[in-house]
Amino acid sequence: MAHVHVLLNQKGGVGKSTLTVNLAAVTAEVLGGGGDGDKPAVLAVSVDPQGSTTWWSDRLGESLPFLFVQADDDVERLAQLKNINSVQHIFVDTPGWLDVSSARGKKADPLGDGPAAKVLRAVLDAADDVIVPIEPEPLAFAPTAFTVNKVVKPRNLPCRVVINNWDPRDGETDLRDTQAFVRGNGWNMTNTVVRHYKVHTRAAADRTVVTQYPANRVSLQAREDFYKLALELRLGAQ
């Protein structure tokens, strides 16, 4: 069965799509072909109607190093993710919001009852673990707390918080505050911090993923973060 990793945070703009695509690319490079010889061992799935990951994948076309599918309205297929035997790892990109309006003030599942909630529920029911990106800024704290404490923990899913898009030029105050916030909540956090690089923000437009960056000093530094993160998350495990 495939190992399903869900990228999740109620807050938009924290880099879920970037982490989905680049972790899938690194894992595909490490694992090589799938069980039948020539298929990639990795599948990326987008359930985000906005389609950022879809646009990125379409731009790469044949050079995309992993399989990709957009499935934001197919609850039945999503419920069967773990039963896909042709790949070893599946990365699921989720929307930059959670459909919580219909569940406010209730003790029911905080995802609510709307169509988007049904999709997310199917994905989380199939998940083996959840990766929660957070940018080093106070505005990300409350949405991340909601995501981990109200959505992930009640499902008893293993969860790792990843600090993403930290720009060293801004100094370390926000980074340290974010690390203290995560530790103070008792959440698991990766040691690897994904730094901000222009090559990451330009990747979709430039038709590349992290494993295809040019061989220059800055690009190699940008690649290093994702290889370290994949290693720390044990994504190369068979």
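Here are a few things to note about the model shown:
- Accessible area per residue for the stretch 3-233, computed on protein heavy atoms with a 1.4 Å probe, is 46 Å².
- Prolate/oblate/rounded call for the chain, Cα gyration tensor, a/c under 1.5 rounded: oblate
- Cα gyration tensor shape for the stretch 126-192, rounded if a/c is under 1.5, else prolate or oblate: prolate
- Virtual spin-label span in nm between residue 191 and residue 141, 7 Å along Cα→Cβ: 2.7 nm
- Per-residue 3J(HN,Hα) values for the stretch 79-90, derived from phi via the Karplus relation 6.51 cos²θ - 1.76 cosθ + 1.60 with θ = phi - 60°, read 5, 9, 4, 5, 8, 6, 8, 7, 10, 9, 10, 10 Hz in sequence order (x marks Gly and Pro).
- As a fraction of the 1.4 Å probe accessible area of the chain, surface on carbon and sulfur atoms comes out at 49 percent.
- Between residue 224 and residue 150, the modelled label-to-label distance comes to 3.9 nm, taking each label 7 Å out from Cα in the direction of the beta carbon.
- Per-residue ellipticity at 222 nm computed for the chain from its helices equals -10000 deg cm²/dmol, with DSSP H segments shorter than 4 residues left out and the rest contributing -39,500 (n - 2.57).
- The stretch 3-233 - share of DSSP beta bridges that are antiparallel (%, nearest 5): 5 percent
- Peptide packing: for 109-116, 121-128, the average count of neighbouring Cβ atoms within 10 Å per residue gives the ranking 121-128, 109-116, highest mean first.
- Packing-based order for 41-47, 134-140, using average beta carbon neighbours within 10 Å, highest first: 41-47, 134-140
- Per-pair calculated FRET efficiency, R0 = 25 Å: residue 183 and residue 206 via Cβ, rounded to 0.05: 0.10
- In this simple spin-label approximation, residue 80 and residue 125 carry label points 7 Å from Cα along the Cα→Cβ vector, and these lie 1.4 nm apart.
The values are calculated or read from the model by the stated rules, or taken from the named source; none is laboratory data. Note that the structure is predicted; figures quoted are calculated from it, not measured. No Cβ is skipped: glycine too gets one built from the backbone with ideal geometry, and neighbour counts run over all protein chains shown. Just so you know, the surface numbers come from the protein's heavy atoms only, side chains and all, with ligands and any DNA or RNA stripped out. Shrake-Rupley method; radii C 1.70, N 1.55, O 1.52, S 1.80 Å.
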